[in-house]
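Data first, discussion second: the structure below is written as structure tokens.
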Amino acid sequence: MDERDETRCGAVEQAAGDRAAVLPQPVAVRPPTWRDAVIRWSLILLWLLNLEDYVLTQAALRAGARESNLVVGYFVRWGPLPAFAFKIGIVTVGVLLLWRFRRRPAVLVASVGLTLAYALVILYHLGLRLA
């Protein structure tokens, strides 16, 4: 091995050593808090209530009711599958965004408030079915 080879090997070892020093250090993961649990469960419940709203809405439409939400009504005119895709899709995107920004104080209020609003919609549907 000549002198140039030794210099090249030393440079490679030096570069490998530099890379090891630049590797990211592990980040401490914050343990979940009660806020995270409340937000998680309210968003899961929100998504499930949205699914129930779709099922109850389809039953009401088959019974002769009209969709009162103009945006969803547009998709209902195209059929149950486009209405399902829109309702589930838009709420899924909203749930994912709320979960992404769960560290912000307003997300706790928004997730619980939206879940309560959907619960009221379900109660309204059930009240119509009983009447």
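Things worth noting here:
- Cα-Cα P(r), the stretch 32-130, percent of pairs per 5 Å interval: 2, 13, 22, 21, 17, 12, 8, 4, 1, 0
- Projecting the Cα positions of W78, H125, L97 onto the charge dipole of the stretch 32-130 (unit charges on Cβ atoms of Lys, Arg, Asp and Glu, taken about the Cα centre) puts L97 furthest along the positive direction.
- The stretch 32-130, dipole about Cα centre (Lys/Arg Cβ +1, Asp/Glu Cβ -1), debye to the nearest 20: 240 debye
- Averaging the sequence gap over all C-alpha pairs within less than 8 Å and six or more residues apart, then dividing by the number of residues, gives the stretch 32-130 a relative contact order of 47 percent.
Only the coordinates and a few stated rules stand behind these numbers; no lab work does. Keep in mind that this is a model prediction, so the values were computed, not measured. As a convention, Cβ positions derive from the backbone with ideal geometry for all residues, glycine included, and neighbour counts pool all protein chains shown.
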